[in-house]
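Worksheet: one structure, shown below.
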Amino acid sequence: MTTQTPIVILGAGPAGAATALKLSYLGVPSVLIDKSDFPRDKVCGDALSGKVPTLLNRLDPAIMNRLRKRFDPVDVWGIRFYSPSNKLIELPFNIGYERVPDQAPGYVSKRMDFDGFLIDEVKRRDNIDLHLNTEVTKWAKTAAGYEVTTKDGSQTWSCNLLIDGTGSHSRFSRKEAGQEVEHKHHAAAVRAYFKGVTGFHEDNFIELHFLEELTPGYFWIFPLPNGEANVGLGLRSDIVKKRKMNLRKTFDKIIASPQFAERFAGAEQITPTAGYGLPLGSKERTLSGDNYLLIGDAGHLIDPLTGEGIGNGIYSGFIAAELAARCLEEQRFDAAFLADYDVRIARVLRSELRLSYRFQQIVGKKWLANAITSIVVANPRVMELLSRMYTDLELRGNLVKPMFWWKLFRGKTTVAAPTGATPSGK
């Protein structure tokens, strides 16, 4: 059976679900297809940056309240950075913050819970045609767009615009859009859930440990509800290959090391150690073409420094949805018209990804990372700057400019007043 429909979205993870939801709130129907049922687990760090609540609340001011009421995600008020020499920078997202309930700048929520919640939000909308447990394995370019067909051949959808949100293993992204995996712009990671890890910041700062054996990657510990923790590590795939590393063995070794043994002494690992791949946004790519758009991990939009992909996936989904609505109005689905997607991605995400890639390169030089950490720890003025850089991308860009640091430590640079920008309001 073949169904005619203007827009088909493949993949119902955060990027795909966000695209469908944004279209729905714009009054545009869509078909959303995923091979899995929900809730389902997804190997991930589980951190939700400030982009996530900001963007979702633009759809519906009550949406985050529904998430908090159902799953009680952990409020996150800052980050702990540990240098290769184990010096600590405690960086609040907002200087002088007050911990106000339901107003945290970030959260940690298991992907099983968060993704399942987004699917429930999709089910609330009567103009999203949702198909779960439906694996699409074939696609064919047509004069009008694409035809996609299920693995068993029982269902075909013919659409004008195909939006691919099938994640890091997207066959469409690789084979149709030519976005091959490159180890220099890809990371390998492992993750496990623990119960009983100790030593967390009282305000649930997430932790990034830039250990010597992992640079320019890091080991993370993120607090979760019910006394649990998401623990993992990630490193660029080319370096993993060059060093012939077994990440699962490295993971176990780090947890048992003197640096972490006390914190994990009474902890219990409650899930197996699972691996996954991260297509990093450190290379600029064209994410559109005739009758298609790539969103989220399928578009290689993961932050190359932090590994964050959920916020960027949702943001790309919103951008894709807004353009898709214009496509329907203009009845234009050609590559030239869809190129505006890449223009907007460049404006709101590429600058941030570019900066993160530069920081990744800096962190890769252990002596430089240690030197900068020592300077920051000793200088409250710099700490204030770094906190403000969380929401001010223009200010953050100064970090990769040597002259900025020179002027700063000669007392020639002042700390500007906050701009009021949000992470997703660039």
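The values are calculated or read from the model by the stated rules, or taken from the named source; none is laboratory data. Every value quoted in this text rests on a predicted model; they were computed, and no experiment measured them. Reconstructed Cβ throughout: ideal geometry from the backbone, glycine too, with neighbour counts over all protein chains shown.
Under the condition of being in contact with a strand residue (DSSP E or B) (Cβ under 9 Å, 6 or more places away or on another chain) and either without any contact (Cβ under 8 Å) to a residue 60 or more places away in the chain or not hydrophobic (A, V, I, L, M, F, W, C) (or both), the residues counted in the range 32-50 number 8.
For the range 88-112, the set of residues classified as out of contact with any strand residue (DSSP E or B) (no Cβ under 9 Å at 6 or more places or on another chain), surrounded by fewer than 18 Cβ atoms within 10 Å (Cβ to Cβ) and not β-branched (Val, Ile, Thr) consists of Gly96, Glu98, Met112, listed by residue number.
For the range 283-319, the set of residues classified as in contact with a Phe, Trp or Tyr (Cβ under 6 Å, 6 or more places away or on another chain), closer than 26 Å to Tyr25 by Cβ and in contact (Cβ under 8 Å) with a residue 60 or more places away in the chain consists of Asn291, Leu293, listed by residue number. The condition (being more than 23 Å from His209 (Cβ to Cβ), aliphatic (A, V, I, L, M), in contact with a Phe, Trp or Tyr (Cβ under 7 Å, 6 or more places away or on another chain) and touching a residue at least 24 places away in the same chain (Cβ under 8 Å)) is satisfied by just one residue among Leu88, Leu67: Leu67. Taking residues in the range 234-252 that are touching a residue at least 40 places away in the same chain (Cβ under 8 Å), and partners anywhere that are among the charged types (D, E, K, R), the pairs with Cβ atoms closer than 6 Å and at least 6 places apart or on different chains are Asp238/Lys184.
Condition check ((1) modelled with pLDDT of 95 or more; (2) surrounded by fewer than 20 Cβ atoms within 10 Å (Cβ to Cβ); (3) among the aliphatic types (A, V, I, L, M); (4) in a loop (DSSP other than H, G, I, E, B)) across all residues:
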position	(1), (2), (3), (4)
Ala17	yes, no, yes, no
Leu23	yes, no, yes, no
Ser36	yes, yes, no, yes
Arg40	no, yes, no, yes
Cys44	no, no, no, yes
Leu55	no, no, yes, no
Asn65	no, yes, no, no
Arg70	no, yes, no, no
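In the range 331-378, which residue that is surrounded by 14 or more Cβ atoms within 10 Å (Cβ to Cβ), of a type outside the set (Lys, Arg) and not in a helix (DSSP H, G or I) is modelled with the lowest pLDDT? Applying the filter and picking the extreme gives Gly364.
Entry remark, the range 225-261: residues being under 16 Å from Arg80 (Cβ atoms) and part of a loop (DSSP other than H, G, I, E, B) number 2 in total.
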